[in-house]
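Here is the structure we will look at, set down as C-alpha cells.
The values are calculated or read from the model by the stated rules, or taken from the named source; none is laboratory data. Given the structure is predicted, the values throughout are model-derived calculations rather than measurements. Cβ: placed from backbone, ideal geometry, glycine included. Neighbour counts: every protein chain shown. Side chains are part of the model used for accessible areas, which takes the heavy atoms of the whole protein and leaves out ligands, DNA and RNA. Shrake-Rupley method; radii C 1.70, N 1.55, O 1.52, S 1.80 Å.
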Amino acid sequence: MATSQVGSQDLQVQVQHDANPDQASAFSNIHLILFPLAQEYFHAAHANSNRLRTQQDVLAYYKHIATGIRCLEAVLKERVPPYVDCLAALWYSEALFNETDNWSHADEVLNKGIAIASRNNLYDVKFTMLHLSVRMLAQTSTKAASKLLDVCQREARAFGMPTWIYTFQYLTALLQFGNQEYAAVIHTLKSSFFDCSSNELRYVSFLTCALVQLKQDNAALALEYLTRARHCETDYSRTYVPQLVIMRMIFEVIAIMMTGDVAAAEQMLASIHQSIENQAGVEQNGQWPHWHEDGSFIIALPSSSPGVKTIPIKFRWWGQSEVLVITYLLSGVVKLYNSFEKRIAIRYLSEGFKAIDNELTKPSSNLSYDQVIARQKLFKTIKLNLQYYTCLERLMRNDWSPVELEKLIAILKQAPDDALAGMYPCILYLVALYFQGTGRVEIALELYNLVTRSVGQQSDYAMLSMIAIILIYKGDIMRNEAEASRLAYRLQPLIDACNNKAITCAWQTVSMAFSSASRIDMQNQISALVATTKTIANSQLTTIVLYFAVLQFTNHDRRETTSRAAFVNAKKTRDILWSWMTGVLASDVLKQNGKELMAEKQRELNQRIAPLLADVINPTVSL
C-alpha cells in the first residue's frame with residue numbers, strides 16, 4: 001500500500017480564508033489567474049507522460065512542468081493572503097519534489113510556508129506541508145524523518161486533529177515498512193489503529209499487517225489478519241470502498257496459494273472476478289467509479305466537530321489498470337493446477353500481456369513522468385512473471401520447445417533490477433526443469449544446487465529443488481542412492497515444518513514411489529494421498545498418485561476404477577506422457593479383469609496418443 005496523504009492540488013483555494021474585507025484589499029489576486037494556468041500546464045505535461053519516445057518529447061514535457069512551476073513561483077513573489085501563500089508554497093515544493101532534483105530549494109520554500117501557516121493558525125495546510133516535508137526528508141535520512149514525524153504527531157494531538165494523528169501514524173508505519181522493520185510496523189499499527197473508532201482505518205491496518213506477513217512468507221499469519229479485515233467489511237455502515245475489498249481478496253489468493261490450497265484460492269479468485277465485473281458494470285468511459293488513475297481513494301473518518309459528519313483521508317494503491325493486470329496473472333497461476341483441458345491458464349496469461357501492452361501505449365490523464373516510470377517498472381515486473389508462468393505451463397504439458405524460454409530471456413533483459421533479484425531463484429529452477437525434462441541432468445543438477453545455495457532452506461524453491469535432485473539421483477542416468485538418502489534425511493524435517501500442502505504432497509508422492517513399506521501401509525498412504533491431492537485440486541499430482549495406487553491395490557474392481565480415473569484425469573489435463581502411461585495401465589487392468597472388449601477400446605485410445613509421444617520422450621532442443 002502506498003502512502004496516505006492530503007495532496008496540495010486537492011485543497012480548495014479560499015482567497016479571504018482568514019482576512020476581513022479591509023485586509024483583503026491589500027492582497028494581490030494574481031493567483032486567480034496563475035493557479036489555473038499552472039494546473040493547465042501540469043495537466044498538459046501529464047496527459048502525454050507515458051508517450052515520451054524521443055528526447056524532444058521529454059524536453060516538451062519538462063517545458064510544460066517548468067512553466068507551471070514558474071506560475072507558482074510568481075505567486076510566491078506577490079503579496080497574497082497567508083492561506084494562498086501557503087498553498088502556493090506547498091504546490092511549488094511538491095512540484096519540485098516530484099518533477100525535479102531541486103529538493104533543497106523545495107525544502108527551503110516549504111519551511112517558509114510552514115512558518116507562515118503556524119503564525120496564521122492554518123493547521124490543515126501546515127500539516128499537509130509537514131507531511132510532504134517528512135516524505136522529502138525520508139529520501140535522504142529516515143532517522144531524521146522519523147524524528148520530525150514524532151514532532152508532527154505531538155502537535156496534531158495537541159490541537160486535537162484525529163485525521164492528522166492517524167495520517168502521521170500511518171506514515172510512521174510506512175517508513176518502518178520501507179526500512180524492513182516489520183516488527184515495528186505491526187507494533188505501530190496495533191497500538192494506533194486496531195482499536196480506533198473507524199472501521200475503515202482498522203481495515204487498512206489489518207491489510208497492511210497482512211502485507212507485512214506476506215513479505216516474510218508467513219501465509220498463516222497473513223490469513224489471520226485478512227480474516228479480521230473481512231470482519232470489518234461485513235459491518236460497514238458508511239462509504240463502500242471497493243479498493244480495500246479487492247486488495248483484501250488479492251492478498252488472500254496470494255496467501256492461500258502459498259499454502260498450496262488451490263481449491264480455496266479458486267473460490268477467492270471467483271470473488272475477485274465478481275467484484276471486478278460489478279465495477280465494470282457501472283463504469284463510465286471505460287473507468288470504474290471511484291477509481292483514479294493514480295490509484296488514490298478516500299476513506300472517511302467520523303468527525304467529532306459540530307456540523308461535520310466525516311473527515312476524509314486519502315490513500316494511494318493500485319489503479320484500475322494495475323488491478324486488472326495482477327488479476328490476470330493470479331488467475332493464470334491458480335488455473336495452472338487443474339485447468340489444462342481448456343488451457344484456461346494460458347488464456348489468462350495471454351490477456352495479461354495484452355492488457356500491459358494496451359496500458360503502456362494509451363495516454364494518461366494525471367500521472368507525472370516519475371509516476372509513469374514507476375508504473376512501467378511495475379508492468380515490466382508483472383510481464384516477467386506472466387512469461388515465467390507461460391513457460392511453466394508449457395513444461396507442465398511436456399512441451400519442451402525452447403521458444404517461450406527464449407522469450408523469457410528477452411524480457412529478462414528489460415526487467416527492473418529489483419525484479420531480477422526476486423525472480424532469480426524462480427528462473428534458475430525453471431531452466432533446471434527444462435534441462436531435466438530434456439535429458440541433460442548434469443546441467444539440471446548444477447542449477448538445482450545453485451537454487452538451494454541462493455535461497456534459504458525453508459524456501460519453497462529450495463525444497464522443490466532438493467526433491468528434483470533426489471529424483472535425479474534415483475534415476476538410471478546418475479544413480480547415487482547414498483547421496484539421495486543423505487539429501488532425503490536433510491529434507492524431511494524441512495517438509496515437516498512446511499505449510500505448503502502441494503510441496504508436502506509432492507514429497508510424499510516421491511517417497512511413496514521409492515518406499516519399501518508393506519503393501520497394507522502403502523495402500524493406506526496412497527488413500528490418504530489421493531484425498532490430499534483432491535483437496536488441494538492439483539490434477540497432475542492426482543494423476544501420478546492414482547497411477548501408483550493401481551500398482552498397489554489388490555481388489556480388482558478398485559484397480560479398474562482407479563486406473564480409468566487416472567486415465568481420464570490425465571486426458572483432461574492434456575498430459576501426453578501420463579495419458580499414455582495411465583492408458584496402457586488401464587488396458588492391462590481391464591484385460592486382467594476379463595473385459596477384453598473394453599480393453600480393446602482403451603488400446604485404440606492409446607494408439608491415438610502414441611504418435612504424440614515422440615516429442616515428449618525425445619524432444620528437439622536448442623537452448
Residue-level accessible surface for Cys71, protein heavy atoms, 1.4 Å, Å²: 10
Once Rh is set to the Kirkwood radius over Cα pairs, what Stokes-Einstein translational diffusion coefficient, in µm²/s, holds for segment 472-623 at a temperature of 10 °C and a viscosity of 1.306 mPa s? 94
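On average, how much accessible surface per residue is there in segment 380-428, in Å², for a 1.4 Å probe, leaving out ligands, DNA and RNA?
Per-residue value: 42 Å².
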Roughly to the nearest percent, how much of the accessible area of the chain is carbon and sulfur, given a 1.4 Å probe? 53
Using the basic label-point model (7 angstrom from Cα toward the beta carbon), what is the Ala374 to Lys147 distance in nanometres? 2.6
Determine which lysines satisfy two conditions relative to Lys309: a Cα distance under 23 Å, and not lying fewer than 8 residues away in the same chain. Lys126
Here, trypsin sites (Lys or Arg not before Pro) of segment 79-124 satisfying both criteria (DSSP loop; at most 15 other Cβ within 10 Å) are Arg79
Cα axis of helix 123-138 to longest principal axis of the chain: angle in degrees, 0 to 90, nearest 10? 50
Can you give me the accessible area per residue for segment 454-595, using a 1.4 Å probe, in Å²? 47
Find the centroid of the Cα atoms in segment 190-260 and in segment 502-532, then give the distance between the two in whole Å. 37
Simple spin-label estimate for Glu233 and Leu613 in nanometres, 7 Å along Cα-Cβ: 4.9
Run through every distinct alpha carbon pair of the chain and return the Kirkwood hydrodynamic radius in angstroms, one decimal place. 28.1
Could you please report the charge total around Ser321, scoring K, R as +1 and D, E as -1 over all other residues with beta-carbon less than 10 angstrom from its beta-carbon? -1
Candidate residues Arg440, Arg51: accessible-area rank, largest first, probe 1.4 Å: Arg51, Arg440
Can you compute the equivalent ellipsoid semi-axes for segment 15-155, i.e. the square root of 5 times each eigenvalue of the Cα gyration tensor, sorted largest first and rounded to whole Å? 27, 23, 10
Alpha carbon convex hull of segment 107-261, projected area averaged over orientations, nm²: 10.1
Separation in nanometres of the label points that stand 7 Å from Cα toward Cβ, at Lys413 and Arg558: 5.7
Checking rank on 544-552, 528-536, with mean other Cβ inside 10 Å and highest first, the result is 544-552, 528-536
Once the Cβ-Cβ distance between Val568 and Asn179 is put in as r, and R0 is 51 Å, what FRET efficiency do you end up with, to the nearest 0.05? 0.45
Cα long-axis angle, helix 82-99 against the chain (0 to 90 degrees, to the nearest 10): 40
0 to 90° range, to nearest 10: angle between helix 441-454 axis and the chain longest Cα axis: 40
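Expressed in nm to one decimal, what extension gain is obtained for the pair Ile520 and Ala280 from 0.36 nm per residue of sequence separation less their Cα-Cα distance?
So the chain would gain 80.9 nm between Ile520 and Ala280.
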Under 27 Å Cα-Cα from Lys215, which lysines qualify once same-chain neighbours fewer than 8 residues away are excluded? Lys143, Lys147, Lys190, Lys314, Lys335, Lys377, Lys380, Lys383, Lys413, Lys501
Could you order peptides 134-147, 593-606, 564-577 by the average number of other Cβ atoms within 10 Å of their residues, highest first? 564-577, 134-147, 593-606
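For segment 187-299, what is the accessible area per residue in Å² when the probe is 1.4 Å?
Accessible area per residue: 42 Å².
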Could you put Asp294, Asp57 in order of accessible surface area, largest first, with the 1.4 Å probe and the full protein assembly present? Asp57, Asp294
Using 0.36 nm per residue of separation minus the Cα-Cα distance, give me the extension gain between Ala531 and Asn358 in nm, one decimal. 58.0 nm
To the nearest 0.05, the calculated FRET efficiency linking Phe194 and Tyr424 through their beta-carbon distance, R0 being 35 Å, is 0.45
